[in-house]
């Protein structure tokens, strides 16, 4: 898969989102990775820019794995920073629960932004103009960037090659979040798009097949909300383990009680006793190869 | 990144390799991956 001229993707893992570098006289970088990786993000961006001026940092949405390097990039490059308008009040308040930080045992360094953009705005980034498309679902205020000229969609976590970012909000009082996810996928289906650059994983060209997989997953969650509840728990615990690398097995039940979002999902949807909750989670993540038991500990494999 | 080896402490790739990763062919990626076990064995 060959990306159009002037677009470079710094493909990261699952703890950090990808960083998309759009080159022009002044370069734009989309998303900044997770806080624990901030120094690597700065080094990678420096390496990619080779001395080109870094003009603007832009976020698809403000989850810890997409905005965690914002503060570090700002310190190093003094770049103008732009975020989706819907995220602005949350960033102003910096409520760690709303931002899914402390409540999910995640961290991000606080940052400030210079301006915002919203659905329908057109941003000149790199060599192309990009239309901002609202992408509620995984994050209510998330956006995507679409270039009709380049036939490229920068989708954030609204569409990956295999799925999309977990729809947390549906479990926490926003019972329209899955319906919004469906509308977002339909908006993507209506675009004339050869390449999707996702927030995680490699850029891909077969957009139709990715949409088909995404719709099928979504249908599963719509039919049985506990599927979504289990998925969110697995995503959040795997994410935590990617940062911690290892945790004593005996501590897992207490950890699942202590992290507010995990405890609430269990109370509200899964209703398992702490030990059973822990056993199910570890067995399931072991089965898919995300974790393994090693002696008396559970360790991340990713 | 490890200051001693210049490798990412998680994936054992160099900054060059991470930056170029999404532009590499499958063979190039496999060639990098094949070197990783050796790198992990360093003291």
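Key figures for this structure:
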read-out: CD proxy at 222 nm, helix term only [per DSSP H run n ≥ 4: -39500 (n - 2.57); per residue of chain A; nearest 500]; value: -10500 deg cm²/dmol
read-out: Of all DSSP beta bridges in the protein assembly as shown, antiparallel share, percent nearest 5; value: 65 percent
read-out: Between segment A:28-96 and chain B, the Cα center-to-center distance that results, in Å; value: 24 Å
read-out: Value in Å of the Kirkwood radius, where segment A:133-267 supplies the Cα pairs that are averaged; value: 15.9 Å
read-out: Order of A:144, A:247 under a 10 Å beta carbon neighbour criterion, fewest first; value: A:247, A:144
read-out: Whether segment A:32-188 is rounded, prolate or oblate, judged on the alpha carbon gyration tensor where a/c under 1.5 counts as rounded; value: oblate
read-out: Cα-based shape type of chain B, given that a ≥ b ≥ c are square roots of the gyration tensor eigenvalues and the cut on a/c is 1.5; value: oblate
read-out: Extension gain (nm, one decimal) between residue A:107 and residue A:151, 0.36 nm per residue minus Cα-Cα; value: 12.4 nm
read-out: Shape category assigned to chain A from the gyration tensor of Cα positions, a/c cut at 1.5; value: prolate
read-out: Translational D in µm²/s for segment A:250-302 (Stokes-Einstein at 10 °C, 1.306 mPa s, Kirkwood Rh from C-alpha pairs); value: 138 µm²/s
read-out: 10 Å Cβ neighbours from other chains, averaged over peptide B:14-21; value: 5
read-out: Stokes-Einstein D (µm²/s) once Rh is taken as the Kirkwood radius of segment A:1-109 over alpha-carbon pairs, at 10 °C in 1.306 mPa s; value: 113 µm²/s
read-out: Residue mean of other protein chain beta carbons inside 10 Å, A:37-43; value: 2
read-out: Centroid-to-centroid separation of segment A:179-195 and segment A:210-263 [C-alpha atoms, Å]; value: 25 Å
read-out: Shape box of segment A:153-221 [Cα atoms, principal axes, largest first, Å]; value: 36, 21, 18
read-out: Between 0 and 90°, nearest 10: helix A:207-223 axis offset from chain A longest Cα axis; value: 40 degrees
read-out: FRET efficiency, residue A:225 to residue A:194 (Cβ-Cβ, R0 41 Å, nearest 0.05); value: 0.70
read-out: Nitroxide proxy distance, nm - points 7 Å out along Cα→Cβ at residue B:39 and residue A:235; value: 3.0 nm
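Laboratory data are not the source of any read-out in this text; all were calculated from the coordinates shown. Everything quoted here is computed from the prediction, not taken from an experiment. Counting neighbours? That spans all protein chains shown, and the Cβs are built from the backbone with ideal geometry, glycine included.
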